[in-house]
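The values are calculated or read from the model by the stated rules, or taken from the named source; none is laboratory data. As the structure is a prediction and not an experimental result, all values here were calculated from the model. All Cβ positions, glycine included, derive from the backbone under ideal geometry; neighbour counts span all protein chains shown. We work out accessible area using only protein heavy atoms, side chains counted, and drop any ligands, DNA or RNA first. Shrake-Rupley method; radii C 1.70, N 1.55, O 1.52, S 1.80 Å.
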Amino acid sequence: MKSITLGQYYPARSLMHGLDPRMKIILAFIYIICSFVAKNIISFGVLFASAFLLIALSKIPLSLILRSVRPILFILAFTVVLNVFWTKGEVILFEWKFIHIYYEGVMTALFMVVRIFVMIVGASLFLTYTITPIALTDAIEQLFGPLKKIKIPVHEFAMMMTIALRFIPTFIDETDKIMSAQKARGADFSNGSLAKRAKVLIPILIPLFVSAFRRADELAIAMECRCYHGGDGRTRMTILHYRARDFLALIAMLLFFAGLLALNFLKIGYTM
Amino acid sequence: MAEIKLENVSYVYSEGTPFEISALEGINLTIKSGIVTGIIGHTGSGKSTLVQMLNGLVKPASGKVLIDNKDIWENPKEISKVRSRVGLVMQYPEYQLFEETVRADIAFGPKNMGVEEKDIEELVLEAADFVGLDRELLDKSPFDLSGGQKRRAAIAGIIAMRPEVLVLDEPAAGLDPSGREKIMQSIIGYGKSTGASIVIVSHSMEDMARFCDEIVVLSDGKLLMSGKKEEVFLRSKELVSVGLDIPQITSVMNMLSQSGIKVASNIYTVEDALSEIYKLF
C-alpha cells in the first residue's frame, strides 16, 4: 500500500521548479493546445523534441517520467491499432485479405502517439512533478479567483481539494493498519472467490468510513476553534508573485506555439 | 505452550528507495512461554514492527522467527495459522470494530479460524468475561460503547481466538487510570488462567514494573538489553541515556538508601515500598 504515490512531486532545483505555480498551469494549458496544433512531420518532430527539452529543464530523471507513461501504454497501443487498420488513404503499404494498411494510417498512428505522449509528459511535468499538490490548489484558487464575482465559491472548492489531498496519505496509512488488524484476527484478503473477496472488504471499509467521519468531525471542530469562516477577508501565508522569468517562460511558450503554426505551412510529407 | 525465538532479525522500510529506514537490526531474542514479557523503547525504536513480526504480519528482511523451534515463514501459505496461535492486539484496537453487534465482532476471529458455530458462542462469552465486558453489552452496536468498553471488546476479539501468546501494543494508551487498571488486570488474568504467555508493549515503567516478569529494551532498532526486570532496572543509567526511565518509586527508594536510610533498592511497586518502609519502624 505504501507504494501508492500521489502528486508525485519530485523535489529538485530547476528552471521548471522555480516558476510561479499559476504560470505553470497556464503554460500546461498552452502546451497541451500546442500538441493539437502540430500537423505535419516537422512540427510533430519539433513537438516531440520539445517534450525532452522540458524534461531536461525540469532535472527530473527520464526513467521516472517514462514510468509515469507506462499506465497509458495500453491507450497508446489501442490508438495505434485503431489508426493503422481503420484509416483509409491512397498509398497502400500492405494488403492481405481484408487487412489494408495505408501510409496515411501509419503516419496518423505515429502522430497520435506523439500527441498523447507529449500531452501526458507536458501535463505531468507542469502540474505534478514540479509542483506540490498544496501549491497547485493554491494556484488554482488564485487563478480562478475572479469567478468569485459571479458567486462561485472558489475558495471553498480549493479548501476541499487541499483537505482531500492532505488526507490521502493518512487514509492509506489507516487502511494499512486496519488491514493488519483484521489479518491478525484471521481475515484472509488474498484467497477465495470474487464474491468472497468482496465480502472481506467489509471489515476494512466500515472502520475506514467510521474513522473518516471521525476525522472530518474533529477537523471541522478544530477549524471552527480557530475561527475559520471561509474565504472572505482571509489573508495568505504565501503570497505568489510573478517574476521576470515567469513572463519569459510565457513568451517562450507563445513563440513555440507560433513556431508550430508556422511549421504547418511547410508542405512536407503527410499532413494530418 | 509456545516459545517465540527471533534469530538475527532485521527489517528495513522502503528498501531500495532514497527513503530507506532501518527499523530493526540484528535482533536476537527469546520470548519464554507462560510469563509476562514487557517491551519498552521510546517512539520509533521499532517496538511496533517487532510485535508485528511475532505473528507474521511483517516478514523480516533477514533472520528467522521461530515458534517452538519451527520457522513461521517456512510455508508462507500457512501463516494464518500462526496468527491464531499468536494473537496480536494492535494500537487503538477499537478502530477495527465493524460488526453490527459486539457479539458478532468478537466472533469474527474464531469464525475465521474455522471454529464451529456452537463453540463460538462459548468462546465469545468467555472472552467477554475475561475482559470484564457485561453480557448485556454483547447485543449492542460496538459504536455505541464507551471508549474503554470498545477497547475491551476489541481485546476480547483477540482473546476469543484463544491465542497461546497474547501480544498487545500499548493496550492501555489513552485510557483513564481506572480503565488502564481494568485492562491490565484482565490481560494478566487471561495469562494466569490459561497459561498463555503475554507480551506487552508499553511506555509506562510503572506498568512494566508491576506486571512483567521479563523486560526487553529496544533503542533505535537494536536490542539494548533483555532479561528479568530486576536485572534491567539495575541498569538505570543506561535506561536514562536512551530516553527511558526507571519506575518513580524505584528512584525514590534509591534516593532514600543513598541518603543513609536502610531500605532495599530493588523496589518496583508502591505496595512493596510501603511494606519496606514499615520495616523501619
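Per-structure values
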| item | result |
| --- | --- |
| Unmet criterion (only one of (1) closer than 14 Å to A:GLY122 by Cα; (2) in a loop (DSSP other than H, G, I, E, B); (3) open to solvent by 70 Å² or more (accessible area, probe 1.4 Å)) for A:MET16 | (3) |
| Condition check for A:ILE221: at pLDDT 95 or above and either under 28 Å from B:PRO142 (Cα atoms) or within 11 Å of chain B (Cβ to nearest Cβ) (or both) | yes |
| Residue identified as among the hydrophobic types (A, V, I, L, M, F, W, C), closer than 25 Å to B:ASP207 by Cβ and out of contact with any helix residue (DSSP H, G or I) (no Cβ under 6 Å at 6 or more places or on another chain) among B:LEU6, B:LEU88 | B:LEU6 |
| Which listed residue, of A:ILE204, A:ILE168, is under 17 Å from B:ASN112 (Cβ atoms), within 30 Å of the chain's Cα centre (by Cα) and open to solvent by less than 80 Å² (accessible area, probe 1.4 Å) | A:ILE204 |
| Which listed residue is of a type in the set (A, V, I, L, M) and more than 30 Å from B:LYS81 (Cβ to Cβ), from B:LEU137, B:LEU223, B:LEU133, B:LEU166 | B:LEU137 |
| Residue match in segment A:88-98 (condition: open to solvent by less than 40 Å² (accessible area, probe 1.4 Å) and not β-branched (Val, Ile, Thr)) | yes |
| Residue tally, condition in contact (Cβ under 8 Å) with a residue 60 or more places away in the chain and in a loop (DSSP other than H, G, I, E, B), over segment A:255-266 | 2 |
| Filter result for A:ILE131 (farther than 29 Å from A:PHE44 by Cβ and out of contact with any Ser or Thr (no Cβ under 9 Å at 6 or more places or on another chain)) | no |
| Unique residue being open to solvent by 40 Å² or more (accessible area, probe 1.4 Å), out of contact with any strand residue (DSSP E or B) (no Cβ under 6 Å at 6 or more places or on another chain) and free of Cβ contacts under 8 Å to residues at least 60 places away in the same chain when the list is A:ALA252, A:ALA212 | A:ALA252 |
| Qualifying position, being modelled with pLDDT of 90 or more, in the same structural domain as B:LEU138 (by TED's automatic domain parsing) and exposed (fewer than 15 other Cβ atoms within 10 Å of the Cβ), among B:ASN75, B:ASN28 | B:ASN28 |
| Boolean, A:LYS183 is among the basic types (Lys, Arg) and surrounded by fewer than 19 Cβ atoms within 10 Å (Cβ to Cβ) | no |
| Residue among B:PRO93, B:PRO163 that is of a type outside the set (Val, Ile, Thr), within 13 Å of another protein chain (Cβ to nearest Cβ), in contact with a strand residue (DSSP E or B) (Cβ under 6 Å, 6 or more places away or on another chain) and closer than 23 Å to B:ILE200 by Cβ | B:PRO163 |
| The one condition in (1) under 30 Å from B:ARG152 (Cα atoms); (2) at pLDDT below 85; (3) surrounded by fewer than 17 Cβ atoms within 10 Å (Cβ to Cβ); (4) of a type outside the set (Ser, Thr, Tyr) that B:ASP213 fails to fulfil | (2) |
| When residues of segment B:235-251 are limited to those that are free of Cβ contacts under 8 Å to residues at least 24 places away in the same chain and surrounded by 14 or more Cβ atoms within 10 Å (Cβ to Cβ), the one farthest from B:VAL216 (Cα to Cα) | B:SER251 |
| Residue in segment A:44-80 that is surrounded by the most Cβ atoms within 10 Å (Cβ to Cβ), counting only those that are free of Cβ contacts under 8 Å to residues at least 24 places away in the same chain and among the aliphatic types (A, V, I, L, M) | A:ALA56 |
| Filter result for the condition that a residue is among the basic types (Lys, Arg), modelled with pLDDT of 90 or more and within 22 Å of B:LYS5 (Cβ to Cβ), over B:LYS81, B:LYS111, B:LYS64 | B:LYS64 |
| Among (1) open to solvent by 70 Å² or more (accessible area, probe 1.4 Å); (2) closer than 18 Å to A:PRO207 by Cβ; (3) facing chain A (nearest Cβ under 9 Å); (4) charged (D, E, K, R), the one test that B:GLU99 misses | (1) |
| In segment B:113-149, the residues that are surrounded by 15 or more Cβ atoms within 10 Å (Cβ to Cβ), within 11 Å of chain A (Cβ to nearest Cβ) and within 25 Å of B:SER178 (Cα to Cα) | B:PRO142 |
| Segment B:42-56: number of residues that are touching a Leu at 6+ places or on another chain (Cβ under 8 Å) and more than 11 Å from B:ILE72 (Cβ to Cβ) | 8 |
